[in-house]
Amino acid sequence: MRSLISILDFSVEELDQLIATAEDIAAHPEKYWDACKHKKLATLFFEPSTRTRLSFEAAMLELGGSVLGFSEAGSSSAAKGESVADTAKTVSNYADIIAMRHPKEGAPYVASRAATIPVINAGDGSHQHPTQTLADLLTIHRELGRLDNMVIGLCGDLKYGRTVHSLIEAMSRYEGISFVLISPKELMLPDFVRVGMLDKHHIPYTEVTSLEGAIAQLDVLYMTRIQRERFDDPAEYERLKDSYVLTAEKMEAAKKTMAVLHPLPRVNEISVKVDDDPRAAYFRQTHNGKLMRMALILKLLGEAKENPLREAIDTDGWVYDKVCRNPKCIVQTEQELPHAAKMAEGAYRCVYCEQKV
Ligand code: CP
């Protein structure tokens with residue numbers, strides 16, 4: 001039995017296979033109407049969501065399955081102090097697969113270690129959002145006809161934007177990819193992605209502050225929202241919130257074939273006037289998210305049927321004498337969860353949130 005916690009849990013071949021399955025679902029939806037009959041998806045959302053939760057639910061319903069769950073922590077026993085691990089163990093008795101969103105980084109990973117059914121990370125704090133990346137990959141493939149040999153610009157909040165982290169990890173494994181990282185200095189890409197992925201694998205990238213200066217060279221422009229809910233200092237958010245606004249005028253300098261993606265929700269970083277530009281792919285991206293989540297549910301339930309036992313945790317190289325200081329890491333709140341770290345690119349990193357310890 002496998003879970004999806006990081007996009008690196010899947011090989012490139014598996015990602016390509018998910019895209020092929022999603023395209024087959026789009027072409028022949030009737031083939032899949034009963035594919036998950038009598039199966040149940042639990043959506044455990046401890047944080048707000050529109051697209052991820054509803055597309056997961058639509059995906060399971062279109063596969064003939066059923067859904068149960070909650071959309072806020074306050075309506076679950078987390079409000080009474082129940083741990084993520086106990087929640088996951090309990091829900092394993094009611095459902096066949098879990099999609100979990102949580103504000104604490106590493107929470108879905110902890111759930112996957114406790115659950116006896118597959119767990120999907122539907123977004124953990126500022127860390128990762130691998131199923132958004134599945135939507136992004138299908139969108140890029142559909143818009144450009146390939147996933148290799150392109151320049152990808154990522155613009156906005158690269159520090160707290162979890163979708164950016166997972167997308168870089170996914171795209172870095174395709175041939176001929178380079179990145180232009182466009183952000184204010186305060187919101188640059190964190191080093192667990194920059195060092196741990198880009199530097200480690202010698203992926204070309206530049207870090208710039210100007211969208212106007214970069215847009216002409218891009219094949220994909222991935223806009224992101226400044227993530228207000230992750231800021232400790234509201235004044236800092238107010239200062240940075242309008243850093244980038246993509247307008248129809250700025251689009252004039254872009255390639256005619258460039259695709260504009262955004263994980264959404266949008267606040268003001270893309271003018272609504274851009275929506276009518278054929279290069280604006282972000283609402284098509286939301287549809288692609290449902291198709292890829294259907295393909296993902298099929299894959300994980302199929303693998304669980306073949307091998308119902310949870311994979312053993314690989315603790316090779318783990319040390320237990322380093323303390324994670326990231327206040328947003330699940331290790332700070334989960335009962336009796338040991339601090340654990342492993343060496344990666346010259347530094348010890350927490351095994352739950354990947355921050356240096
Ligand atoms: N892209 C995304 O995660 O959107 P939601 O927060 O609405 O799920």
* Spin-label point model (7 Å from Cα, Cβ direction): what's the K255 to N307 distance in nm? -> 3.9 nm
* To do: Evaluate E = 1/(1 + (r/R0)^6) for D275 and A347, where r is the Cβ-Cβ distance and R0 equals 35 Å; express this FRET efficiency to the nearest 0.05.
  => 0.25
* Accessible area of the chain belonging to carbon and sulfur atoms, whole % at 1.4 Å probe -> 50 percent
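Any of K80/K159; K89/K356; K80/K104 with alpha carbons more than 26 Å apart? Name them for me. Kindly include the intermediate steps, with their values, before the conclusion.
Details: K80/K159 31 Å; K89/K356 29 Å; K80/K104 17 Å.
Pairs exceeding the cut-off: K80/K159; K89/K356.
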* To do: Would you kindly derive the ³J(HN,Hα) couplings of segment 58-64 from the backbone phi angles with the Karplus curve 6.51 cos²θ - 1.76 cosθ + 1.60 (θ = phi - 60°), listing them in order in whole Hz, with x for Gly and Pro?
  => 4, 4, 5, 5, 6, 8, x
* Structure fact -> Here the gain from full extension of L54 to K185, 0.36 nm per residue of separation minus their alpha-carbon distance, amounts to 43.7 nm
* Once amide H atoms are placed 1.01 Å from N in the peptide plane, what residues at a sequence separation of 5 or more from Y222, or on another chain, have their amide H within under 5 Å of its amide H? -> G153, L154, C155, L261
* Structure fact -> Looks like segment 148-282, by Cα gyration tensor root eigenvalues a ≥ b ≥ c and the a/c under 1.5 rounded cutoff (else prolate when a/b is bigger than b/c, oblate otherwise), is oblate
* In nm, to one decimal, how far is the modelled label at Y237 from the one at Y320, with both set 7 Å along Cα→Cβ? -> 3.8 nm
* To do: Please tell me the relative contact order of segment 148-282 in percent, rounded to the nearest whole number, where contacts are Cα pairs under 8 Å and at least six residues apart.
  => 26 percent
* Structure fact -> Averaged per residue, the 1.4 Å probe accessible area of the chain, protein heavy atoms only, in Å², is roughly 43 Å²
* Asked: So what J values fall out for segment 122-136 if you push phi through Karplus, 6.51 cos²θ - 1.76 cosθ + 1.60 with θ = phi - 60°, rounded to Hz, Gly and Pro as x?
  -> 9, x, 10, x, 9, 8, 9, 8, x, 6, 5, 5, 4, 4, 5
* Which peptide among 294-302, 15-23, 236-244 comes first, and what is the full order, when sorted by highest mean count of other Cβ atoms within 10 Å? -> 294-302, 15-23, 236-244
* **In Hz, Karplus ³J(HN,Hα) per residue of segment 28-42 (6.51, -1.76, 1.60; θ = phi - 60°; x = Gly, Pro)** => 9, x, 5, 5, 10, 4, 10, 4, 10, 4, 6, 9, 10, 9, 9
* Based on Cα positions only, what radius of gyration and what Dmax would you give for the chain, in angstroms? -> 19.7, 55
* Remind me, relative contact order of the chain in percent, using alpha carbon pairs under 8 angstrom and six or more residues apart? -> 19 percent
* Structure fact -> Per the rule of 0.36 nm per residue minus the C-alpha distance, extending D9 to N93 adds in nm 27.8 nm
* To do: Pairs of Cα atoms under 8 Å, at least six residues apart: use those to get the relative contact order of segment 1-90, whole percent.
  => 25 percent
* Structure fact -> In debye to the nearest 20, the charge dipole size for segment 317-357, taken about the Cα centre with +1 at each Lys and Arg Cβ and -1 at each Asp and Glu Cβ, equals 160 debye
* Asked: So which cysteines in the chain don't have a second cysteine's C-beta under 4.7 Å from them?
  -> C36, C155
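The values are calculated or read from the model by the stated rules, or taken from the named source; none is laboratory data. Being a predicted model, the structure only gives us computed values, none of them experimental. Every residue, glycine as well, gets a Cβ built from its backbone with ideal geometry; the counts of neighbours run over all protein chains shown. For accessibility, only protein heavy atoms count, side chains too; no ligands or nucleic acids. Shrake-Rupley method; radii C 1.70, N 1.55, O 1.52, S 1.80 Å.
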